[in-house]
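What follows is one structure encoded as structure tokens, with my remarks underneath.
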């Protein structure tokens with residue numbers, strides 16, 4: 001089953017797979033994502049908001065428009081309002097005097113950001129022709145600073161989507177740090193409750209701790225799935241719906257894309273709705289009752305009988321049917337050029353119990369024994385063989401329970417039954 005040669009299995013198991021290195025890369029990637037996201041968020045969101053807040057006590061004075069136009073960005077698909085106007089301002093005891101003449105070209109506090117939607121900007125320019133009289137706000141401490149629209153820029157809502165990038169980076173860092181801690185604990189011999197660790201080399205006695213009872217609790221997989229799907233769905237839908245609103249809908253100043261581009265975006269929006277549904281499904285599954293499993297000993301040896309007891313933490317009456325089974329999975333990682341793929345195959349499946357009714361679902365026990373020739377848990381850089389207990393609970397009109405708990409299967413001793 002495993003592509004590694006049997007003679008190399010013991011040495012492969014004695015080596016530590018580069019998981020910590022992979023988690024370190026995730027932390028590094030998340031840190032870069034977080035820092036870059038924070039910098040961009042500061043430039044395009046925090047600074048404009050600060051300028052809006054600082055301008056709350058600026059003075060309104062009459063001004064005259066000298067020129068105005070809609071300027072296009074380099075890609076010719078984004079635009080901004082460019083305007084130049086003059087005003088006079090006198091401070092202090094000569095406030096009633098005509099004041100000094102100033103010029104400014106600041107329309108709002110968007111800091112000159114180009115956004116899609118030409119029609120909306122053309123309407124603004126049409127209302128501000130050369131020679132038009134209006135009012136601007138002037139900084140009394142620095143009269144050379146002025147702005148026509150001192151409120152929150154209309155395009156700033158798009159900048160709030162940038163908040164997703166530092167959040168995604170922080171989530172990636174948290175996931176990577178947690179993985180590094182778990183890997184260090186594994187190497188130090190402190191197995192986490194999920195028994196997610198490699199056994200010792202074949203023939204090595206696992207010791208007393210491996211023979212003690214082991215409690216397996218799910219939760220991390222549910223939370224990780226909900227968090228991952230949620231972040232991905234928000235990013236996907238946020239970007240696609242922004243493009244749809246600003247570049248497709250005519251009422252939003254769009255109508256920039258041809259019909260083929262509109263149809264393509266519509267397909268991606270359907271994918272986004274599917275992702276949103278999957279994320280909602282995963283979030284709802286967090287409210288499912290949790291099934292806690294207790295093994296009579298942490299390490300499972302082929303041919304030896306082991307008992308598993310389950311307890312339902314939550315309302316067991318919600319579950320119609322609860323099924324437990326042991327599953328063996330083989331994973332092989334291949335490199336083809338610059339791409340890497342992993343093939344997974346389920347090579348064994350042993351039903352343990354299927355129960356109905358609240359009393360039997362709330363608590364129960366079953367015993368099992370793996371075949372004497374069952375392969376032990378194995379983990380190498382490119383090959384893995386894993387055993388796990390799966391729990392599936394059918395809940396009517398709600399996401400079902402589908403949890404998996406890793407089993408630590410050691411090499412069997414000679415003469416074990």
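The values are calculated or read from the model by the stated rules, or taken from the named source; none is laboratory data. These numbers come from a predicted model, not from an experiment. Every residue, glycine among them, receives a Cβ derived from its backbone with ideal geometry; neighbour counts consider all protein chains shown.
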Taking residue 345, is it out of contact with any strand residue (DSSP E or B) (no Cβ under 7 Å at 6 or more places or on another chain) and either under 26 Å from residue 225 (Cα atoms) or surrounded by fewer than 20 Cβ atoms within 10 Å (Cβ to Cβ) (or both)? no
Selected residue (only one of 131, 112, 99, 117 is modelled with pLDDT of 85 or more and at positive phi): 131
Looking only at the range 296-324, which residues are more than 14 Å from residue 405 (Cβ to Cβ) and part of a loop (DSSP other than H, G, I, E, B)? 296, 297, 301, 302, 303, 304, 314, 315
Can you say whether residue 352 is buried (at least 19 other Cβ atoms within 10 Å of the Cβ), modelled with pLDDT of 85 or more and part of a strand (DSSP E or B), as far as the supplied structure shows? no
